[in-house]
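The values are calculated or read from the model by the stated rules, or taken from the named source; none is laboratory data. Everything numeric here is computed off the predicted structure, so don't read it as measured data. Cβ placement follows ideal geometry from the backbone for every residue including glycine, while neighbour counts extend to all protein chains displayed. Calculation scope for accessible area: heavy atoms of the full protein, side chains included, ligands and nucleic acids excluded. Shrake-Rupley method; radii C 1.70, N 1.55, O 1.52, S 1.80 Å.
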Amino acid sequence: MKLTEFKDPLPIPPVLKPTWKSGEYTYYEVTMKETQQLLHSELPETTIWGYEGIYPGPTIEVETGERVYVKWKNGLPKRHLLPIDHTVHGAEKEKPAVRTVVHLHGGRTEPHSDGYPDAWFTNGFAEKGPFFQKEIYQYINQQSARALWYHDHAIGLTRLNIYAGLAGFYFIRNSHERSFNLPSGPFEVPLLLQDRSFHVDGSLSYPEQPENNGSGIYPSIIASFFGNTIVVNGKVWPFLEVEPRKYRFRLLNAANARFFRLTLDSGQLFYQIGTDSGFLERPIGVGSLLLAPAERLDVIIDFSNMEGKAIVVKNDAPTHFPNGDPVDPKTTGIVMEFRVSQSLSGIDTSVIPAYMGPIKWMHANTAQRQRFLELSEEKDQFGRSLFLLDKKTWDDPITENPLAHSTEIWSFINTNEDDHPIHVHLVQFQILERRAFNVEYYKKTKNIKYTGAPIQPDFSERGWKDTVRCPPGLVTSIIISFFPYTGQYVWHCHMLEHEDYEMMRPYRVLPPP
């Protein structure tokens, strides 16, 4: 079944209206619902799970410093849409099949509102996980303008719940951002990128077991999911009609495991102005954009002088990045199409700013501690791939206990073949360097023998981040300050099959002595 590309227009998620707003705070209620949605006009409607019954969920827009409360409500049925492997920790048979908890990815959030994986809840809060504390989450948004996103984080089920549709954008705005006169309103477009596969009846297709399942377990978790279509804002290979002017695109890779390396077949540059966690100091013109799962990019594309052109966004990131199979140029190598077919509605006065402001750079000599943390691939008792952080599982004792308001360097030693996007909750960080090392020597001795000079982060990464790519055969070092909260959080690989199957660890921020 091959669906026609560029047949359906790109949907734009609506901005959510608050339930209540005053000078003191803003309050939202958001209900997760099962519904049907047309993901491609050549498919029957697909059953999805969506925040407020839409996939992706509505965009939440707040101001820096705005106190926001959200009651996330589970209105889902008791039966899951997708196959559950009950041998996965946290997804045991005795637990409810449908459990959810919401994480605001990139937010500096108090621990009880962070979406801790064991703080799950069922429909109507009838059953709750052991870490559940409150029904109404608080977000104080003491951060600069940036694109965050909210998504499910239930232990053992994250890969399935996000695949079913539980993800959406969360934008923080402020006057500093508005002062740049960036493209805005209809000329600022969120793009949530994922991959999906479908059955002929339109239902979501997710493997019930690995291709070569020698474990005897059914259903069985797979090592990584890769779909055979690309979905943008909940539509397969859509098109967007644009005017011959500048547009700002807020890009998010919300795929389970697929990386995207995007280019425009017109040969145009993207003008990147921001990373996961705010603006770069200066824009950069780049011919391609690399996005690991959970990474965001803030870019401007100038369609001036392109009247009548159709521009295809292409993807050439290997499946299993960086050393996997090439994408199919007719399916997963295609993302969407821009059609410069609309008349100019007014003079384009928006600008690509020359300078967005200074970044306070952190230096390695200010860190109080450095941790070396291995990213490894093991085998479980059934012979399946098991990816671990520092050779530890979720239930092992907590070993990362940074002090509040301290600064640490975390160096991720990648001894396997995948590029793992590592996300640390609560914090933002900066990338210091990557450096090649002798993998086999490390496996034998647990000592690092570097084989090359330090590699500086890409220009596209030289800003604040909350998710970092950790390529194979390299030690990737980041510098983090832990504030403003104490309490228990998590760090994990954001390839969802990996995080669901033990590549996630709790850490605890301790009060200073």
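Here are a few things to note about the model shown:
- Out of Thr59, Thr26, Thr46, sole residue that is polar (S, T, N, Q), more than 21 Å from Gly106 (Cβ to Cβ) and surrounded by 15 or more Cβ atoms within 10 Å (Cβ to Cβ): Thr46
- Those residues of the stretch 258-279 which are of a type in the set (Lys, Arg) and either without any contact (Cβ under 8 Å) to a residue 24 or more places away in the chain or not in a strand (DSSP E or B) (or both), in sequence order: Arg258
- In the condition set (1) open to solvent by 20 Å² or more (accessible area, probe 1.4 Å); (2) assigned to a loop (DSSP other than H, G, I, E, B); (3) at negative phi, Leu290 is compliant with all but (2).
- Some residue of the stretch 407-416 being in contact with a strand residue (DSSP E or B) (Cβ under 9 Å, 6 or more places away or on another chain), over 23 Å from Ile480 (Cα atoms) and either open to solvent by 50 Å² or more (accessible area, probe 1.4 Å) or not in a strand (DSSP E or B) (or both): yes
- Whether a residue is out of contact with any strand residue (DSSP E or B) (no Cβ under 7 Å at 6 or more places or on another chain) and open to solvent by 10 Å² or more (accessible area, probe 1.4 Å) was assessed, and Asn256 does not pass this test.
- Residues satisfying the criterion are present in the stretch 214-229 (criterion: outside any loop (DSSP other than H, G, I, E, B) and either open to solvent by 10 Å² or more (accessible area, probe 1.4 Å) or at pLDDT 95 or above (or both)).
- Index of the failed condition, Val70 passing every other in (1) within 27 Å of Leu426 (Cβ to Cβ); (2) open to solvent by less than 40 Å² (accessible area, probe 1.4 Å); (3) part of a loop (DSSP other than H, G, I, E, B): (3)
- Considering each residue of the stretch 175-186 in turn, none proves to be hydrophobic (A, V, I, L, M, F, W, C), assigned to a loop (DSSP other than H, G, I, E, B) and open to solvent by less than 10 Å² (accessible area, probe 1.4 Å).
- Check on Arg282, open to solvent by 10 Å² or more (accessible area, probe 1.4 Å) and in a strand (DSSP E or B): yes
- Within the stretch 72-118, the set of residues being under 20 Å from the mean Cα position of the chain (by Cα) and of a type in the set (A, V, I, L, M, F, W, C) comprises Trp72, Val101, Val102, Leu104.
- Qualifying residues in the stretch 478-509 (those that are over 16 Å from Glu374 (Cβ atoms) and of a type in the set (Val, Ile, Thr)) - the one nearest to the chain's Cα centre (by Cα): Val490
- Considering only residues in the stretch 433-479 that are of a type in the set (D, E, K, R) and part of a loop (DSSP other than H, G, I, E, B), the one that is surrounded by the most Cβ atoms within 10 Å (Cβ to Cβ) turns out to be Asp466.
- Among residues of the stretch 299-346 being part of a loop (DSSP other than H, G, I, E, B) and among the aromatic types (Phe, Trp, Tyr), the one that is surrounded by the most Cβ atoms within 10 Å (Cβ to Cβ) is Phe321.
- Every condition in (1) in a strand (DSSP E or B); (2) open to solvent by less than 10 Å² (accessible area, probe 1.4 Å) holds for Leu426 except the one numbered (1).
- Those residues of the stretch 273-294 which are polar (S, T, N, Q) and touching a Gly at 6+ places or on another chain (Cβ under 8 Å), in sequence order: Thr275, Ser277
- Scanning the stretch 103-125 for residues that are closer than 20 Å to Phe482 by Cβ and among the polar types (S, T, N, Q) gives Thr109, Ser113.
- Where strands (runs of 3 or more DSSP E) fall wholly inside the stretch 81-166, the ranges with 1 or more residues that are surrounded by fewer than 18 Cβ atoms within 10 Å (Cβ to Cβ) and touching a residue at least 60 places away in the same chain (Cβ under 8 Å) are 136-139.
- Residue count for the stretch 1-37, restricted to those that are assigned to a loop (DSSP other than H, G, I, E, B) and farther than 24 Å from Ala310 by Cα: 10.
- Within the span defined as the stretch 369-388, one or more residues are touching a helix residue (DSSP H, G or I) at 6+ places or on another chain (Cβ under 7 Å) and open to solvent by less than 40 Å² (accessible area, probe 1.4 Å).
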